[in-house]
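Just so it is clear, none of the values below were taken in a lab; they were calculated from the coordinates. Predicted, not measured: the structure shown is a model, and the values here were computed from it. When we count neighbours, we look across all protein chains shown, and the Cβ atoms used for this are built from the backbone with ideal geometry, even at glycine.
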Amino acid sequence: MKAVILAGGLGSRISEESHLRPKPMIEIGGAPILWHIMKYYSHFGFNEFVICCGYKGYMIKEYFADYYLHRSDITFDFSADNHMTIHSNVAEPWKVTVVDTGLNTQTGGRIKRIQKYIGNEAFMMTYGDGVSNIDLHALLARHAASGKAVTLSSIRPGGRFGALDIDDENETVVGFAEKGIEDGGWINAGFMVIEPGVFDYIDGDDTIFERAPLETLSAEGMLGVHKHFGFWQCMDTQRDKGQLEAIWAGGDAPWRVWG
């Protein structure tokens, strides 16, 4: 099963860094947050990625083109016909497809543009700016048992996020609330499983996935939820980045499940 990562936004709320690089390439502990997300998926056996690029997407392409240079010790021997030796290289079991999905394309449009790389199969999907310790195997099992078109992970962080109205008995999202809810409601944390039929709910580049497609699926009773009571943190602002850096530096980051 492929894992799709949305990595094309402008990252305007963390412009202190995003004016230099796309937000998924902002580093936590010396590695892009995108790398952290991919290492997490890989731990659960999901090693084929489709990355939806936009703003400064060439930097993501260059990162993977030079992955060994970023992750290994290198000897450059200019006395021997410019010979290069890679030492202690880490060979990831990854297949990575990096797709230019447009500079101003909305989230739904980015998903629609990678349809040809997904084919007629279900896929994982998350945002390129958030880490968590969500059990991806449990998420997939919940989705498989539900018969829903989409199962999204949901967490309860408090204010500043749009909240979900959840039917607990049927584990279904039945509505959405405006941002600014301060009652500790459940929110969309990404880390979704999506059936290929959802492509039909997306009109084009201007479609915001979290609005018309998900709202329509919710109205049809086809939007499932996997509640997560553990760690989740997005990197919207410089303050968020500082928090993630501190957690990583503490040596016990909840999302660091790989060896």
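Placing dummy labels 7 Å off each Cα toward the beta-carbon, the span from residue 74 to residue 86 is 1.0 nm.
Between 120, 133, 82, the Gaussian network model of the chain with springs among Cα atoms under 10 angstrom shows the greatest mean-square fluctuation at 82. Among the listed pairs 95/241; 95/116; 2/95, give every one whose C-alpha distance is greater than 18 Å. In this structure, 95/241 lie more than 18 Å apart at Cα. Under a Gaussian network description of the chain, with springs only between Cα atoms under 10 Å, the residue in 30, 130, 109 that fluctuates furthest is 30. With neighbours defined as other Cβ atoms within 10 Å of a residue's Cβ, the residues 118, 26, 60 order from fewest to most as 118, 26, 60.
Both the radius of gyration and Dmax for the chain are 18.9, 70 Å, in that order, over alpha-carbon atoms.
Suppose only helical runs count, i.e. DSSP H with n ≥ 4. What mean residue ellipticity at 222 nm does that imply for the chain under -39500 (n - 2.57) per run, divided by all residues and rounded to the nearest 500 deg cm²/dmol? Rounded to the nearest 500, the figure is -7500 deg cm²/dmol.
Label point of residue 116 set 7 angstrom out along Cα-Cβ; within region 201-223, amide nitrogens under 17 Å from it belong to 204-205.
When the chain is treated as a GNM with alpha-carbon contacts under 10 Å, the residue of 189, 212, 145 showing the greatest mean-square fluctuation is 145.
Once C-alpha pairs closer than 8 Å and six or more residues apart are averaged by separation and normalised to the residue number of the chain, the relative contact order reads 23 percent.
Annotation note: chymotrypsin sites (Phe, Trp or Tyr not before Pro) in region 36-77 located in DSSP loop regions with a Cβ neighbour count of at most 11 within 10 Å are absent.
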